[in-house]
Structures are given as C-alpha cells and as structure tokens.
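Below: the structure, in structure tokens.
The values are calculated or read from the model by the stated rules, or taken from the named source; none is laboratory data. All figures in this text were calculated on a predicted structure; none of them were measured in a lab. Every residue, glycine among them, receives a Cβ derived from its backbone with ideal geometry; neighbour counts consider all protein chains shown.
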Amino acid sequence: MRMLKCYLANDREGHFATAGEAMSAPGQIWSCASCGCRLILHAGMHEDPWFEHDQQSVARHVLMACAHLDPEVKAEARHRKLRSLINGLETTVMVLSWYCVWCGDHYQGVKHCPRCLTGIYSIEEAHWRMNYCCNTLPG
C-alpha cells in the first residue's frame with residue numbers, strides 16, 4: 001500500500017515532534033498523528049528526514065483511514081466501492097402505461113393525460129391494478 005512520507009509524529013507521551021527533531025532522540029518510539037500506527041524514522045541522505053508507516057504491524061483498514069495514505073489509493077478504493085454499489089442496483093424500467101386517477105382514463109406513452117392535459121394525477125398502470133382494480137379485503 002502506498003503511504004506518503006510523514007514529517008510529524010507523536011512520541012510516547014503524545015507530544016508532537018518533527019522528523020528533524022526526532023533525529024536527536026534515538027531509540028524513541030514514534031506514532032502517526034493521524035492513525036496512531038507505529039512509524040519508522042528515516043535519515044535522508046540527500047533530503048530531509050521523514051517517518052514511514054510500519055505497514056507490517058497494522059491492519060489494512062487502519063491504514064486506509066490514515067491521512068497519509070496516497071490520494072491515488074484512496075481514489076481507487078472509492079472507485080471500487082462506487083462500482084460495487086452501482087453494480088448492485090436494480091435496472092430501472094421505463095413506465096409507459098398510466099392511469100389518471102382524476103379522469104379515470106388509461107393511456108400509453110408519456111405521463112401526460114390527454115383528457116385533463118396534466119400528469120400530476122397519473123399513476124403507473126401496475127399501481128392502478130393494485131389500488132383501484134380489485135377488492136383484496138377478505139369477506
């Protein structure tokens with residue numbers, strides 16, 4: 001999993017320290033200010049020192065919630081979740097059969113009653129059968 005370099009961490013007492021400050025405190029245990037995971041301090045040869053997440057000691061779901069997760073990884077995860085949500089949706093069915101409750105007319109096509117010239121009182125034909133056609137009460 002791709003994690004961004006951290007330049008700020010917490011020590012055991014919860015105090016913030018930059019990676020540069022941490023270089024003068026060898027043997028200290030550092031944790032991420034975002035997710036609380038253990039960090040590894042790296043002394044940069046040609047760059048400033050930085051912290052790296054110890055990915056072997058923490059669960060994936062914890063790293064996925066960290067602010068230092070690479071934005072591309074977050075975007076990929078969001079796209080996967082969105083695709084799974086979309087694939088789980090039922091396909092919509094276009095309604096072409098209508099019943100105007102106001103006029104009592106059945107008609108086809110666009111939801112616009114030819115008699116009262118509005119569609120506000122129209123319901124799907126399937127709902128008309130369920131609500132207006134048959135008495136479903138026992139007795």
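What to note about this one:
- Within the stretch 1-35, tally of residues that are touching a residue at least 24 places away in the same chain (Cβ under 8 Å) and assigned to a loop (DSSP other than H, G, I, E, B): 9
- Residue under evaluation Trp128, criteria (1) under 30 Å from Lys5 (Cα atoms); (2) in contact (Cβ under 8 Å) with a residue 24 or more places away in the chain, criterion not met: (1)
- Filtering the stretch 43-54 to residues that are crowded, with 16+ Cβ neighbours inside 10 Å and either touching a Phe, Trp or Tyr at 6+ places or on another chain (Cβ under 8 Å) or farther than 12 Å from Leu4 by Cβ (or both) leaves Pro49, Trp50, Phe51.
- Being more than 30 Å from Ile123 (Cβ to Cβ) and either exposed (fewer than 15 other Cβ atoms within 10 Å of the Cβ) or not polar (S, T, N, Q) (or both) is a description that applies to Asp11.
- Here the stretch 82-132 is the region considered, the condition is being over 39 Å from the mean Cα position of the chain (by Cα) and of a type in the set (A, V, I, L, M), and the residue that is modelled with the lowest pLDDT is Val101.
- Any chance Ala67 is aliphatic (A, V, I, L, M), in a loop (DSSP other than H, G, I, E, B) and either at positive phi or at pLDDT below 90 (or both): no
Every residue, every condition in (1) under 22 Å from Asn10 (Cβ atoms); (2) in a loop (DSSP other than H, G, I, E, B), yes or no:
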site	(1), (2)
Asp48	yes, yes
Lys74	no, no
Arg78	no, no
Leu82	no, no
Leu85	no, no
Glu90	no, yes
Trp98	no, no
Tyr107	no, no
